[in-house]
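What follows is a single structure, written as structure tokens, with notes after it.
Throughout, read-outs are computed from the coordinates displayed, never taken from laboratory work. Since the structure is predicted, the reported quantities are computational estimates derived from the model, not experimental observations. Cβ atoms come from the backbone with ideal geometry, glycine included; neighbour counts cover every protein chain shown.
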Amino acid sequence: MIPVDDYLFLSLALFTIGVIGVLTRRNVIIMLMSIELILNAVNINLMVFSRMWGTVDGQVFAIFIITDAAAEAAVGLGIILAFFHNRETVLADEMDIMKW
Amino acid sequence: MSDERTTKTISGMDSVNTTVLGADEIILNMGPQHPSTHGVLRVKLKLDGERVAGSECIIGYLHRGVEKIAEHRSYQQFAPYVDRMDYVAAVSNGLGYCEAVEKLLGTEAPPRARVVRTILTELQRIASHLLWLGTHALDIGALTPVFYCFREREEILKIFEKYCGARLTTHAFRIGGLQYETYDGFEEDTKRFCNDFAHKIDEYETLLTENRIWVGRTKGVGILNAADAIALGVTGPVLRASGVKWDLRRAQPYAAYDQYEFDIPTRETGDTYDRYVVRMEEMRQSRRICLQAVENIPTGPIMARIGKVLKPPPGEVYHSIEAPKGELGYYIVSDGTTQPYRVRVRPPSFINLQAFDKMAKGALIADVVAIIGTIDIVLGEVDR
Amino acid sequence: MQTLNQALFIFFAVLAVASAILMVTRRNIVHGAVFLITTLLSTAGIFLLLQAEFLFIVQVILYVGGIMVLFVFVIMLVNLDVSMRQVQFNRQWFVAGALALVLAGQFLFAIWVGRGALRLPAMASEISPKNTEAVADALFSHYMLPFEIASILLLVAMIGAVVMAKRRAG
Amino acid sequence: MGHLIPPSIMPFVLPVLYAVVIVAVLPLLAGYIVLMERKVMADMQARLGPMRVGPHGLLQPIADAVKLLLKEDIIPDKADRLMFWFAPLVSVTMALLAYSALAIGPAFQIADLNIGLLFILAISSLGIYGIVLGGWASNSHYSLLGALRSAAQLVSYETAAGLGLISVLLLAGSLSMKDIVQAQLDQGVWFGFSVPFGFFIYLVGSIAETNRAPFDLPEAESELVAGYMTEYSGFRWSLYFLAEYANMIIVAGIATTLFLGGWLRPGARYHEHIPGTGIEWLDALPALLTLGVALYSLKLAPTQPVKIQKIVMVLVAVLCLGVACVLAGALFAPPAVMQGIHGAFWFMAKVFAYIYAFLWIRFTFPRYRFDQLMRLGWRFLIPLALVNVIGVGVAIVLRQQFAWGPIVSLIPTTLATLGVAMLLAKDDAPVAEAQTAAGE
């Protein structure tokens, strides 16, 4: 029997790595991918609690989170492409104007 | 063409991925070794995504100095060389050259020779168009027509082989007429071929003409309007597909074309589909000419009375014929010796290829292939 | 069976964490994307261990087969080599990393304090055959409204993405 | 036998055995599909095809495999070596992995997952990474363009093909491959006949997903040389090749299971016995068919030009005779064994028929252009598939509320979808406005 804690630790590890990625990397695409990692860590939690309570509500929430991730990725990548077309960079700290 | 600002290539790191894909444009070298550049054409494409923003044809990979060679050969000796220009339509090349020299000499081939020349040249036109159809369809992705086309082309080549012993670079004609009498059964062979060919061509059309994908791939692709076509000097089926009814067989009849009835197919839009339709119809018309010609081949000599050593009077001549690919012209300057002072060839492929950039602008990569195919170039002729 | 499950858990967990670390540290974004894919697949394996096989499929089809393809697609469209030769981390990376670790420490503390309090019910020996049906049931009855809202969100995102990525005239 | 294997690992023995068989046999099978492709192509193109290696080229696949394995393995100088090495493995692994849920007959299945179909779709959707990463890692424009095309194409057509499958899932009410076949037996009709448009959409979608002509743009020879495979050679190239053909078998297997009744023989509900025996008439068919092939090869054997070819031809005949004996012997075996063997026969027969359709289409049609491909996917197939799915839903309501028969209830759906298809096709004028519009 794998204790719930193990799953939580795994989830925490992935979450932390994701947060570090978002906060420290300059590349927007890596930042977006790190956000995906964070969402994924959340999904693990939802899944393990869903299993713990023996219901599927957690899984339903995970589906919503994945939907959200898809939406976020689509819009985020669209923004990155548009930005790249105009500024030819994918670095976050060069995105320093509101309008172009 | 030289809009360097939009084309970003990062120096220092020699990798193709350094050229910015999304940013604006990449340079794609198509050829000289590429499956569908029909030989050794190199096309430098400036791509905007998959769209062509500009193109440049780089030629010369097959240059053999044919025109220069002519200056060191006697008139007869040079005749086999012209076969090597448009090597899929060697008979037409030979006809143009022989008639040009005859014009320079002020003589004419006897009627029988002219009719036989007409038959063979029209068969050659069919063979050339068949080769074009097969490879063009192959470029667009239809794998099967090419084999059907080669099956019929083989029959034509057999006739050539029986007539003069060669299949590809035939050297079928001589200055002043023909060297060989037609073989026994020449008429029957030709008739049989023409009769069979009528429904063979319908077979190709069932595969392609109404095919949605084929129509989608060719309609509206590589449009060349009549004004542009004329301005660029384009001739042949490409010109006629743009709506200009110009065919040297009718406009300046040579060989025996004035004796036969045939239509000059034209279309309006000048896109790839129209050029396809025009060439298909031209094959039908060539078949019609062959059938008419083979019905009554006049008897008589096959060679005009010219000496063994040709010494045309000083002067110059331009003679052009309607080769399968367009106007094939020979400009010959004689200084009165046995060797031409200068021979200049007006190769239809070379001049038609000029229209490529016009046709390809705004097209997709896939269309580039269709457009190269539709111009029907032979690099041997482009580069000479 | 238990040891097999444990071995699988350890395998997936180590794979997930290791590739996650590689993902945030790689210079080359394509490599980063591949490591993220590995993490996502390992997570999918963990879903399977938790008997959520429908979510396993969703994770593989949607996340790996859909979203990440989009990522890879975009990565190939943008210039790699320039960004590869630039400084990869922010100037304040030290502070950011420290803060993230502090946050992680808090969570760790919370989990550590409550360790052992939560336990999974005894594993059924067979994977429950009704997982897909159960999820569908919940999704289309109890969670109908959120489901519809999610679809509208997707629609909005789709339109937004099209508008953003569309090349502007001139 | 039983006591040799510890009971705790007993449930794993057969699946592992099947897995080994599949991994061992598949490359050979793929090789012979290539031979079949070349022969079919030759037949349609008025020529003979491979004739030299073995009688009628029967040993050609083996010669090809040996050649590919011996070829020099080239890695381009500026390629991303790790990804270049990794990408073909992804392709081939995913292609092989998908077989684990495919049911080749009622007995031969590695794992009967209750989400079997989704599993196959999920796994085969991962194969795209092999193509995309390989194209990217090659560091060549042709490869990259091929990879980008492939990514866009696969994502688009997966949607259409998936929607085509959903119509069947609604009817079958299950995702398990076995249950879907059982549902076709229960309803007395193959779903390909009850939802022809679902079948059509899946057929088109599956051709596009496997990158076959007329949707072979990622590897369009006349445009992109070989697309994402341009820089690959030798063994790595053959891995891509294997993956492509393995994927063909997978999609054919899915189509067979969902639309063509899986391992059910034609007339599965028709039980007329041969008088005096317990054998059904139609069950004798497989044995007779293979016997016919055996006799035909035997008849051909003396006409082979070389002695070794005669011998190989006789061997082929003996092989077919053996298969015929097995198929005939199965008639007298217990029903479970008989159904396993005959089911596998019918399944494979249908898979090959489907692949034949692939080849036929390939040699008939020219290639789509990329924008046309996208338009076909998004503006024709997906709307059509949506209409079809809605129609099937209506049909199920009709069936439940008014007790309409399984076939009758779907006729309105099919007619409505046909109407929509004609409407969409008319709208989708084949003229490319694209070039002139975007020329500037």
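The count of lysine pairs in chain D whose Cα atoms are under 20 Å apart, excluding pairs fewer than 8 places apart on the same chain, comes to 7. Rounded to the nearest 10 degrees, the angle from helix B:90-105 to the longest Cα principal axis of chain B is 60 degrees. Projected over all directions and averaged, the alpha-carbon convex hull of segment B:66-383 occupies 14.9 nm². With the simple spin-label model, which puts each label point 7 Å out from Cα in the Cβ direction, the D:Leu17 to C:Ala134 separation comes to 3.4 nm. Quick check: from the Cα gyration tensor, does segment C:1-85 come out rounded (a/c under 1.5), prolate or oblate? It is oblate, given that a/c is not under 1.5 and a/b is not larger than b/c. With the simple model of a label 7 Å out from the Cα in the direction of the Cβ, D:His273 to C:Gln92 spans 8.6 nm.
Annotation for segment D:37-58 versus segment D:60-74: alpha-carbon center distance of 19 Å. Neighbours of B:Tyr260 by Cβ distance under 12 Å: Lys/Arg scored +1, Asp/Glu scored -1, total 0. The Cα atoms of segment D:366-406 give a gyration tensor whose axes a ≥ b ≥ c have a/c of 1.5 or more with a/b greater than b/c, which makes the shape prolate.
For B:Glu108, B:Glu281, the sequence from fewest to most other C-beta atoms within 10 Å is B:Glu108, B:Glu281. The ranking of B:Arg305, B:Arg174, B:Arg346 from fewest to most other beta carbons within 10 Å of each one's beta carbon is B:Arg305, B:Arg346, B:Arg174.
Taken as entire DSSP H runs, the helices of chain C that both span 18 Å or more between Cα atoms along their own long axis and average 1.6 or more on the Kyte-Doolittle scale are C:2-25, C:29-49, C:93-113, C:144-165. Within chain D, the ratio Rg/Rh, alpha carbon atoms throughout and Rh by Kirkwood, equals 0.98. How much net charge surrounds D:Ala301 when only the other residues with a Cβ under 12 Å from the Cβ of D:Ala301 are counted, with Lys and Arg +1 and Asp and Glu -1? Once positives and negatives cancel, what remains is +3. Bridgeable lysines around B:Lys358 (alpha carbons under 23 Å apart, same-chain partners fewer than 8 residues away excluded): B:Lys44, B:Lys46, B:Lys219, B:Lys245, B:Lys325.
Roughly how far apart, in whole Å, are the Cα centres of segment C:13-92 and segment D:241-309? Taking the Cα centre of each part, segment C:13-92 and segment D:241-309 sit 45 Å apart.
In terms of its C-alpha gyration tensor, segment B:266-369 comes out oblate, because a/c is 1.5 or above while a/b does not outweigh b/c.
The separation of segment B:208-226 from segment B:272-300, counted between C-alpha centres, amounts to 23 Å. Annotation: the residues D:Leu381, D:Leu327, D:Leu96, sorted from fewest to most other C-beta atoms within 10 Å of their own C-beta, follow the order D:Leu96, D:Leu327, D:Leu381.
In this label model, D:Val293 and D:Ala63 are separated by 2.2 nm, measuring between points 7 Å along each Cα→Cβ vector.
Scanning chain D for DSSP H helices at least 20 Å long along the axis (C-alpha atoms) with a Kyte-Doolittle mean no lower than 0.5 picks out D:10-44, D:81-97, D:116-137, D:141-172, D:234-259, D:285-300, D:307-330, D:335-364, D:382-402, D:411-427.
Axis of helix A:4-24 versus longest Cα principal axis of chain A: the two differ by about 10°, to the nearest ten degrees. The mean number of Cβ atoms from other chains found within 10 Å of a Cβ in peptide B:206-218 is 5, as a whole number.
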